[in-house]
Structure formats: structure tokens, C-alpha cells
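Let me begin by presenting the structure, written as C-alpha cells, before commenting on it.
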Amino acid sequence: MRVGTRGSALALAQAELVARRLGPEAEIVTITTLGDRGAAVQDKSRWVSELERALLDGRIDVAVHSAKDVPTELTDGLELVAIPRRADPRDAICGASGLRQLASGARIGTSSVRRAAQIRAIRDDLAVVELRGNVDTRLRKLAEGQVDALVIALAGLQRLGREGDAGGVIDEFVPAAGQGALALEARPGTLDPETLARVTDAASMACVRAERELVQALGASCNTPVGAYARVVTDGGLELVGWVGLPDGSAWLRDVVIGAPEAVGEACAQRMLAAGAGELLRQAETELAA
């Protein structure tokens, strides 16, 4: 069983988690993606396209992605076959215990338009600084004083054994769809039911699917400020929180819908679109393209 992954420390740690569940026959194969080469492609495909090509070419049997990096439209001939148990989906702040503890004018780093928009919606007096690189690189830049704080996925810190670098979590934020979860992509029928059972968590799968369906039904791109987070509530239903905003945080829309897993994404999207989410998304696209 050849398990394909990007070569970053975090991607390898994630692939190793999956490989251990697949069993001793699993072999990790490292694939360099467009994103790893620094391509300026502003969509999620830069992180997954080479892995998908390796799947279609038969060089690997399954690809392990961060679920939040996988576009809602998959390449023909491939499918998301499993979502393991999800880690903590929240955003962490490093360098401070919370956004409200930062001094006015403090520099806070992120490369995410969603995080930047939500920071500005809460603290428009902070200076948001674009901060790219892998987890270690961003933490090094914080230590060097390039920023006063940074926002990063808590799950990534946990998987790298660096949770202690988090000063706190930002509960006010709505995470990106799939944040904290891993996604296994493969050709249909590649993994037998017994193997899938070892790497699949039904609740996590339902939640991530609902989040992805919300983003897709909104017509949002990966380059707009959108958050989606689902959790299981009583009787097997899901509570789905959606968030759409402008890049400068000056306007935003948040909604919460409880419903059946197979319907809650579309239901939340329709409510948000009726309340003006489509106009916000179009304006956000225009502003980000300027």
C-alpha cells in the first residue's frame, strides 16, 4: 500500500498517522507539489494536483491531504474515501493568550484570507501581516520578532508536538471547512472495506462532508473568507456554523443550522445566500483581485 504525501514535516507526520492505521504493508511515498515549489497559484489545487496525478498514474494507491486543502471539486476518477478521527479544528494564537490581549497596532501574522478577515472583524486596530512558510518557519519568524503574534491551526501544532507554542485558542473564529481533519483520496475500489474501516471515523466524515457541501453550495472559492464547522449533536444530527466576510472584516455574516447530515450543508447555504452571502462573496472576490 503506497501512501502519497507532500514532503513537509507536518504532511509526513500526518501520513505516518495514516500509515500506522493501514498496517505494516503501508509505504510512504513523497510527492513534491506546486505549492511546495512556491508556485503562485492562488487555489487549493497547488497542494494536491501532483498527488492526484500520481494516483491516476498508479504511482501511489492513496493520498493523504489536510482536508482543508482539498478543493470541493475533485479530479475525475478520484474520490475521498476516508476521513480519520478529526483533531481539534480550532485556530491557535502564538505569542499571546488571545486577540484581545494584544496591544493596539500589534502585528499579527497569517497567510489565510479567512483568518485575516476574522481578525479584522474582531480587532480592526491590529496590523495583519502576510506570513507564509511551514509551521516551523512561521514560528521562527515569530521568535525573530517579525510579528508580535501569529494565528495557526491548533491541529498542526499538535501533530508536530509543538502544542506548547500556542498561547491560546480563538474560539470566536469559525474554522475553515475540513480544518483539523485528514482526507484520504484514492481511485474507487482501491481500498477494501476492512482497510477503510481502520482509517475512517464516521462522525468526522459526516462533519467534513457537510462543511464542504456548504462551501460548494455557497459558490465560494478557496480564495475568499469563508468558514464552516460542523459537529454532531443529539439524534445523529449535525450543527453547522457558516461564516462569510469581507477581507477587511468590515462586513460579515454568520449562521447556525441543525439538521440531517445529508441536508444541513445545502440548508445552511440557502439561508446564508438569502441573507446576502452571495453579495459578500462577490465583493470579496473583487477586493482580493484588485
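I want to confirm something. Restricting to segment 117-135 and keeping residues that are under 16 Å from the mean Cα position of the chain (by Cα) and of a type in the set (Gly, Ala, Ser), which single residue is least open to solvent (accessible area, probe 1.4 Å)? Residue satisfying both the conditions and the ranking: 117. The number of residues in segment 8-51 being modelled with pLDDT under 90 and in contact with a Pro (Cβ under 8 Å, 6 or more places away or on another chain) comes to 4. Considered as a group, the residues in segment 158-209 that are basic (Lys, Arg) and within 26 Å of residue 52 (Cβ to Cβ) include one that is most open to solvent (accessible area, probe 1.4 Å), and that residue is 209.
Restricting 244, 264, 256, 232 to residues that are under 21 Å from residue 180 (Cα atoms) and exposed (fewer than 15 other Cβ atoms within 10 Å of the Cβ) narrows the list to 256.
The set of residues in segment 69-116 that are open to solvent by 30 Å² or more (accessible area, probe 1.4 Å), in contact with a helix residue (DSSP H, G or I) (Cβ under 9 Å, 6 or more places away or on another chain) and either among the basic types (Lys, Arg) or in a strand (DSSP E or B) (or both) comprises 80, 85, 86, 90, 100. Scanning segment 116-137 for any residue that is farther than 30 Å from residue 54 by Cβ, touching a residue at least 12 places away in the same chain (Cβ under 8 Å) and among the polar types (S, T, N, Q) turns up at least one such residue.
For beta carbons closer than 9 Å, sequence separation of 6+ or different chains, a first residue in segment 235-246 that is of a type outside the set (Phe, Trp, Tyr) and a second that is surrounded by fewer than 18 Cβ atoms within 10 Å (Cβ to Cβ) and part of a loop (DSSP other than H, G, I, E, B), the qualifying pairs are 236/260; 237/260; 238/260; 239/233; 244/276; 245/251.
The values are calculated or read from the model by the stated rules, or taken from the named source; none is laboratory data. What you are looking at is a predicted structure, and each value in this text was computed from that prediction instead of being measured. Every residue, glycine among them, receives a Cβ derived from its backbone with ideal geometry; neighbour counts consider all protein chains shown. Accessible surface is based on the protein model in full, side chains and every heavy atom, while ligands, DNA and RNA are left aside. Shrake-Rupley method; radii C 1.70, N 1.55, O 1.52, S 1.80 Å.
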